[in-house]
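Notes follow once the structure below has been shown.
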Amino acid sequence: MNILSHNLTKKTAAHLVIVSSLCFSSFGVIADPLSDLLSNVKSELKAERVHNQQREAEFKSSLQKQTQLQKEADAEVAAQIAKRDQLKSDFDKNEVKLTELNELLTRRTGDLGELFGVFKQMAGDVQSNLYDSLTSLEMPERKQSIDILASRKEVPRIEEMTKLWTLMLDEIQASGSISRFDAQVVKPSGSHYQAEVTRIGTFNVVANDVFLNYLPENEQLVEFARQPSSQYRDSAEALSKASSGEEVPFAIDPSRGVLLSLLVQSPNLMERIEQGKEVGYAILGLLAIGMLIVLQRLFELKRIGGGIKRQLKDLEHFDEGNPLGRALGVYYSSSHLEVDVLSKKLEEVIIKDINEIKKGLPLIKVLAAVAPLMGLLGTVTGMIGTFQAITLFGTGDPKLMAGGISQALVTTVLGLVAAIPLLLSHSVLSSRAQTLTKILSEQAAGMVASQAEKMAAGKKA
């Protein structure tokens, strides 16, 4: 305010100096213009005074507002400081209370901690079983439920423990049931098709007569590249077509596909034979030749034996189509000869027929003896190949030695397979030949004795 008054005084003095100068410079001029000038100066001074008063009033009003705002800001700061102090006090109290509650929780959940550990372990085991189980194909929603339970970080609630128990019971119930449902099946070639599959508990799954393998990582059913033997496929087809309540025999895989995958990988008969290589094929050729000889001799001995039996029923009329008939023919045609001569003639005929009866038997016996020797040859060659593989590649990979060992074992088996039937066949044929030979010898001896009696009776007469 002092500054403002000082400014106004200086400005008024300036106006007075100007007016005085005008007055002095205009001395002698008419008084009316001076009056007008003085009036203008006074009016301007008055207007300026009013303007200054207005500005002073505005300044005072602004100062009051600023003072009021400062008071309000100070009050707000004081309120916030008080609120801060109150919140800090509440925080400290809550910290103490939280510590007390945590200690109380730790004491009260001492036994529940062990329960949580058991629950966590059981949930993990059930999760692993459900992910690998065939039942997940029908009930995929169970995976989401068990994932939530297995990822639980707090002590489980009653509802969650009940849910885990329910999932376990559902899996137990499904493991003993058979169900049919539609699913997508992948062929070994990679193509897909939709089919009705039959799930046998948690052990096997089949589609008609095709055994399927479940891949849990891809959640896919894949056909085995090699299927089991026909008897298993027939049982799978019968099970797929069986009606509700019908009993069908079916062999399950308790290892859930492991044994079945190994079973289908086992070589069949032809593959086993191929493992014997050249020696194996030679043994089989020997067996084929021997069995052809056996069949031929068996048929021939049966024919000869039949003819002898028919001839034994009628010794008065001989048939030269059989050995006994030919012996009777010699006997009747040489009944007038001496006993020694007749005996020589009968012996000649019978020896010829006996040689015919025993024809081929020595060859069968030789083949039966050669077959195991050839098997031994294959064993030796297979072991030689095995030792060569060991020399070149070491014993790190057993598959490198498997070929030679397989050849050794397969040729041994083939040699025994060939020798056993040939040896048994030789025994049977030898027994039959010996029986027929005995009949011929007895009948020849009877003929000679009869001739001797006739000669003795003639001499007496």
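The values are calculated or read from the model by the stated rules, or taken from the named source; none is laboratory data. The shown structure was predicted, so the numbers you read here are calculated from the model rather than taken from an experiment. Using ideal geometry, Cβ is built from the backbone for each residue, glycine included, and neighbour counts are taken over all protein chains shown.
Of the residues in region 152-162, at least one is surrounded by 10 or more Cβ atoms within 10 Å (Cβ to Cβ), modelled with pLDDT under 85 and either of a type in the set (Ser, Thr, Tyr) or not in a loop (DSSP other than H, G, I, E, B) (or both).
Against the list (1) out of contact with any helix residue (DSSP H, G or I) (no Cβ under 6 Å at 6 or more places or on another chain); (2) at pLDDT 70 or above, the condition Leu361 fails is (1). Per the conditions (1) under 24 Å from Gln194 (Cα atoms); (2) part of a helix (DSSP H, G or I), the sole criterion not satisfied by Ala225 is (2). The residues on offer are Gln127, Gln68, Gln86, and the sole one that is under 30 Å from Phe203 (Cβ atoms), out of contact with any strand residue (DSSP E or B) (no Cβ under 7 Å at 6 or more places or on another chain) and surrounded by 10 or more Cβ atoms within 10 Å (Cβ to Cβ) is Gln127.
Report whether or not Gln184 is over 14 Å from the mean Cα position of the chain (by Cα), in the same structural domain as Gln127 (by TED's automatic domain parsing), modelled with pLDDT of 85 or more and not in a helix (DSSP H, G or I). Yes; evaluated as a whole, the condition is true for this residue.
Pro254 - would you say it is modelled with pLDDT of 80 or more and not assigned by TED's automatic domain parsing to the domain that holds Ser133? No: the conditions fail for Pro254.
Within region 232-252, the set of residues being among the acidic types (Asp, Glu) and surrounded by 14 or more Cβ atoms within 10 Å (Cβ to Cβ) comprises just one member, Glu237.
Taking the numbered list (1) surrounded by fewer than 20 Cβ atoms within 10 Å (Cβ to Cβ); (2) of a type outside the set (Gly, Ala, Ser); (3) part of a helix (DSSP H, G or I); (4) at pLDDT below 85 in turn, Leu416 passes all entries but (4). Scanning region 273-326 for residues that are at pLDDT 80 or above and closer than 14 Å to Arg432 by Cβ turns up Val294, Leu295, Gln296, Arg297, Leu298, Phe299, Glu300, Leu301, Lys302, Arg303. For region 235-252, the set of residues classified as of a type in the set (D, E, K, R) and farther than 21 Å from Lys187 by Cβ consists of Lys241, Glu246, Glu247, listed by residue number. Does Thr391 qualify as being closer than 17 Å to Val279 by Cβ, at pLDDT 70 or above and of a type outside the set (A, V, I, L, M)? Here the answer is no, as Thr391 does not meet what is asked. Counting residues in region 138-148 that are within 22 Å of the chain's Cα centre (by Cα) and either in contact (Cβ under 8 Å) with a residue 60 or more places away in the chain or more than 30 Å from Leu212 (Cα to Cα) (or both) gives one or more.
Here is a yes/no grid of residues against (1) part of a strand (DSSP E or B); (2) charged (D, E, K, R); (3) out of contact with any helix residue (DSSP H, G or I) (no Cβ under 6 Å at 6 or more places or on another chain):
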position: Leu212; (1), (2), (3): yes, no, yes
position: Asn218; (1), (2), (3): no, no, yes
position: Arg233; (1), (2), (3): no, yes, yes
position: Ala238; (1), (2), (3): no, no, yes
position: Ser243; (1), (2), (3): no, no, yes
position: Asp253; (1), (2), (3): no, yes, no
position: Arg256; (1), (2), (3): no, yes, yes
position: Leu260; (1), (2), (3): no, no, yes
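Those residues that are under 12 Å from the mean Cα position of the chain (by Cα) and either surrounded by 12 or more Cβ atoms within 10 Å (Cβ to Cβ) or aromatic (Phe, Trp, Tyr) (or both), I need them from region 216-231; list them, please. Of everything in region 216-231, those that are under 12 Å from the mean Cα position of the chain (by Cα) and either surrounded by 12 or more Cβ atoms within 10 Å (Cβ to Cβ) or aromatic (Phe, Trp, Tyr) (or both) turn out to be Pro216, Glu219, Gln220, Leu221, Val222, Glu223, Phe224.
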